[in-house]
1. Per residue, how much accessible area does the chain have with a 1.4 Å probe, in Å²?
2. What is the spin-label model distance, in nm, from Lys75 to Thr23 if the labels are put 7 Å beyond Cα along the C-beta direction?
3. Using the Cα centre of the chain as the reference point, and only Cβ charges (+1 on K/R, -1 on D/E), how large is the resulting charge dipole? Debye, rounded to the nearest 20.
4. Taking 8 Å as the Cα distance limit and 6 or more residues as the minimum spacing, I'd like the relative contact order of the chain as a percentage.
5. Where the accessible area of the range 74-115 is counted over protein heavy atoms with a 1.4 Å probe, how much of it, in %, is carbon and sulfur?
6. When a/c reaches 1.5 or more, the comparison of a/b and b/c decides; with that in mind, is the range 17-115 rounded, prolate or oblate per its Cα gyration tensor?
7. If packing is taken as the average number of other Cβ atoms within 10 Å across a peptide's residues, how do 47-59, 89-101 rank, most packed first?
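The values are calculated or read from the model by the stated rules, or taken from the named source; none is laboratory data. Everything numeric here is computed off the predicted structure, so don't read it as measured data. Cβ atoms come from the backbone with ideal geometry, glycine included; neighbour counts cover every protein chain shown. Side chains included, ligands, DNA and RNA excluded: accessible areas come from the protein's heavy atoms. Shrake-Rupley method; radii C 1.70, N 1.55, O 1.52, S 1.80 Å.
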Amino acid sequence: QVQLVESGGGLVQIGGSLRLSCTASISFFSSYAMGWYRQVPGLQRELVASMTGGGTANYADSVKGRFTISRDNAKKMVYLQMNSLKPEDTAVYYCNRAGINTFRWGRGTQVNVSS
């Protein structure tokens, strides 16, 4: 059974940094493009960063240059390094397969950027 567990969120001041981690119990993990999504209450979940199994990354314009996604296929882990955080980055962050055929969602990890 697929399980995604996100961690690393917290409260940070404007301009600060956080590193999110995701443990993915997924067979054939390296064959999937994985992504980090975020959701603010009342709004749709949005994909902010993704990475193919081979290491090609893509970013939403809102986070480009500030966030860096990485993955360790051997450990089945996905990471999101977030720098220069802004209040608008406040959200619950989730990892999942990038694209429309997502796995069951984990609980996410809350990121709060204080102004």
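1. Accessible surface, normalised per residue, equals 54 Å².
2. Distance between label points: 1.1 nm.
3. About 220 debye.
4. After rounding, I find 36 percent.
5. 46
6. Working: a/c = 1.80, a/b = 1.49, b/c = 1.20.
Prolate, since a/c reaches 1.5 and a/b exceeds b/c.
7. 89-101, 47-59
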